[in-house]
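*Asks:* Can you keep this structure in mind? I'll have questions shortly.
FYI, it's all coordinate maths here, none of it is from the lab. Here the structure is a predicted model, which is why all the values come from computation and not from measurement.
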Amino acid sequence: MIPALSVTVAALAATLVPTAQTPTAQTPAPASSPAPIGEDAESVRAYWTADRMREAVAATGARDRAVRGQEVRGQDGVVPSDEPPGGVPWDGDPGDVAHVGRLFMVLPGGQKATCTAAVVTAANRDVVSTAGHCVHLKAVGGAMKSLLFVPGYDDGRTPYGSYPSRSVGVSPAWTEREDHAADFAFVTLGTDDRGRHVQDVVGSLRAAFHAKPSGVRTALGYPFLSPYDGKALQYCAGNATPVKDDRLAGGSQLRPCRMTNGASGGPWYAPTLRGGAVQVAVTSARPKEAGFKDAAWGAMFNGTAEALFKAQEALTSK
């Protein structure tokens, strides 16, 4: 049996409806500068055919093999299992979570892979959040390339268009030391093939920084290893608690939540007093020991994340 969730889909849908508000531009923090991707947007979009997207879902396991043996690895390092998942398919209105989608990427060695990402309210209307290891991982050679975001991904279909990346903001704490407390990234996207900004098409939810690691949380993602198949958005909901492990100091933990490969980078939302929701973390990393198999770990949005976000938000809209 699938474990009962403390929050119903209907109740979650009421808080996760994205907004189309126009935020006020903020001055970028000097702590981090964006790293341009430098690839032609149309070439990236043309590369990611429906078949290649499906291949990426199946091939993400190659990244797992590359990081296997590390003490701590991403959610994408979970061993396949036929046990009941601590997460279930989203069966509410698809429009309520259209701002969540797949982020496709090509590893330095040429392999295709995928993570989860979500649109964050930004002045330039072009920013998504994901995990740091979804854009840079030492074990596979460093920075990923040919990033493409597909909101509302549906088994190779792109119902809301596709958006190539044009800049990535990731902390040196991750790229140099792989500090799991900094395993988050913000990616600035280009427009779709009709010239539309992703935030204008699917809406967004605001990022909240310096939130407490405890409280009611909803985590969403596109896991694909058994018992999942990668075709549909899944979610976990419940009360998160602080991680009591130095390997993710300051992080948050949600149990039961066993979303597997592909869920990395997925958003964690917290309810607000006004009945909405804000994003406070991304699905990040957990120890590979069996004792942690029923838990999802989230990297909380701290001051480092805020600086990365502001730098990406400040990029001129295209």
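*Asks:* For the stretch 131-257, what log10 I(q)/I(0) values come out of the Debye formula at q = 0.13, 0.18 1/Å, with one point per alpha carbon and no solvent?
*Replies:* Listed by q, the Debye log ratios stand at -0.71, -1.33.
*Asks:* Per the Debye formula with a single identical scatterer at each Cα and no solvent contribution, what log10 I(q)/I(0) holds for the stretch 186-291 at q = 0.11, 0.12, 0.13, 0.22 Å⁻¹?
*Replies:* With no solvent term, the Cα-only Debye profile gives -0.41, -0.48, -0.56, -1.29.
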